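Read through the structure below, which is laid out as structure tokens, and then see the notes.
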Amino acid sequence: MVIGVDFSAEMLERARTAAREAGLKNAVFCRADAEALPIKDGSIDVALINGIFNLNPSRDAIFCELARVLRSGGFVYAAELILRESLPPEIRASEANWFA
Ligand SMILES: C[S@@+](CC[C@H](N)C(=O)[O-])C[C@H]1O[C@@H](n2cnc3c(N)ncnc32)[C@H](O)[C@@H]1O
């Protein structure tokens, strides 16, 4: 079973459409905050994350929630942008660069 979680209704609709078009029967999607997942303790084998930590200031809470839902020995795979050094102010100030 695959559980897709997002707090955006638009993203959930996109995911449901993609799953339907792919003929997936083992995927469910729910609207929830990553800080309070509607998932049982220790019930997840693998968590796939795309761009959630770099969008949230409360990273500790999200890590704690991941640790709660993952089974012992479970895996987390995350696709995140990580800065190795501070960006120059002119780049930080440009909204276009947030998505570059
Ligand atoms: C980079 S997008 C990735 C979307 C999709 N998972 C994918 O891989 O294409 C990041 C997603 O994280 C969601 N998101 C950000 N913070 C969240 C939070 N605290 N709880 C739930 N979803 C969150 C956003 O709504 C957005 O859809």
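The values are calculated or read from the model by the stated rules, or taken from the named source; none is laboratory data. Keep in mind it's a predicted model, so treat the numbers as computed, not measured. Don't worry about glycine lacking a Cβ; one is built from the backbone with ideal geometry, like all the others, and counts go over all protein chains shown.
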Please find, among ALA61, ALA78, the residue that is among the aliphatic types (A, V, I, L, M) and either part of a strand (DSSP E or B) or touching a Phe, Trp or Tyr at 6+ places or on another chain (Cβ under 6 Å) (or both). ALA78
Looking at ALA27, ALA61, ALA96 in this structure, which one is more than 14 Å from the chain's Cα centre (by Cα), outside the structural domain of GLU13 (by TED's automatic domain parsing) and either closer than 19 Å to ASP6 by Cα or surrounded by fewer than 14 Cβ atoms within 10 Å (Cβ to Cβ) (or both)? ALA96
Applying the selection to segment 69-90, what residues are within 15 Å of the ligand (Cβ to nearest atom) and either in the same structural domain as ASP6 (by TED's automatic domain parsing) or not β-branched (Val, Ile, Thr) (or both)? TYR77, ALA78, ALA79, GLU80, LEU81
Within segment 76-86, is there a residue that is at pLDDT below 95 and of a type in the set (Asp, Glu)? yes
